[in-house]
């Protein structure tokens, strides 16, 4: 399924470097040498070219291709391929907040991390969920409680829940304290307070 999607993307977007697409799909550049599609899609120098790129160029490419993949995971606003969705959000997170050109994208990427984290919880993968929530927080950190209040409540509450499931009481306390300090209402912080009491 993913291989067909990769071939379709390469045919439809001539600017997309096949090496990056393969790297996105395998999520590990080192495994590309053994990947069956590598000889068909990647010139021998692609790996060396990737290694020669600056950290900023790599981040920008991860961000660009993560967003490109993400646009293909939704049909009518509904996510229709969870493995591709996780791959796209992971690529966006490899790019990180510094790779964002448009500041308005920060809240959208934070929302993608909330969605990926909650999907991870459904799959009982709390470690991955917590990482997604932490990434989401990193995208909106500067003005999270003034401009991105609702997303911030979702992220901090969900991060506290994931940390609680992992028995990481320090993280639960940290996320709960931050949420309590900035909550506009008692209801916004109630779930976090409950998680903190359970952990004590």
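Of the helices (runs of 4 or more DSSP H) lying entirely inside segment 88-186, those containing at least 3 residues that are modelled with pLDDT of 90 or more and over 27 Å from residue 72 (Cβ atoms) span 149-165, 169-182.
Evaluate the following for residue 66: is it within 18 Å of residue 155 (Cα to Cα), touching a residue at least 24 places away in the same chain (Cβ under 8 Å), within 11 Å of the chain's Cα centre (by Cα) and not in a loop (DSSP other than H, G, I, E, B)?
On the way: within 18 Å of residue 155 (Cα to Cα): no; touching a residue at least 24 places away in the same chain (Cβ under 8 Å): yes; within 11 Å of the chain's Cα centre (by Cα): yes; not in a loop (DSSP other than H, G, I, E, B): yes.
Considered against the rule, which asks whether it is within 18 Å of residue 155 (Cα to Cα), touching a residue at least 24 places away in the same chain (Cβ under 8 Å), within 11 Å of the chain's Cα centre (by Cα) and not in a loop (DSSP other than H, G, I, E, B), residue 66 comes out as no.
Among the candidates 122, 172, 147, the residue that is over 21 Å from residue 62 (Cβ atoms), touching a residue at least 40 places away in the same chain (Cβ under 8 Å), in the same structural domain as residue 190 (by TED's automatic domain parsing) and more than 10 Å from the chain's Cα centre (by Cα) is uniquely 147. When residue 98 is tested against (1) buried (at least 17 other Cβ atoms within 10 Å of the Cβ); (2) in contact with a helix residue (DSSP H, G or I) (Cβ under 7 Å, 6 or more places away or on another chain); (3) within 19 Å of residue 59 (Cβ to Cβ), only condition (1) is not met.
The values are calculated or read from the model by the stated rules, or taken from the named source; none is laboratory data. Predicted model only: the values in this text are computed from it and were never measured. Here the Cβ is made from the backbone with ideal geometry for all residues, glycine too, and neighbour counts use every protein chain on show.
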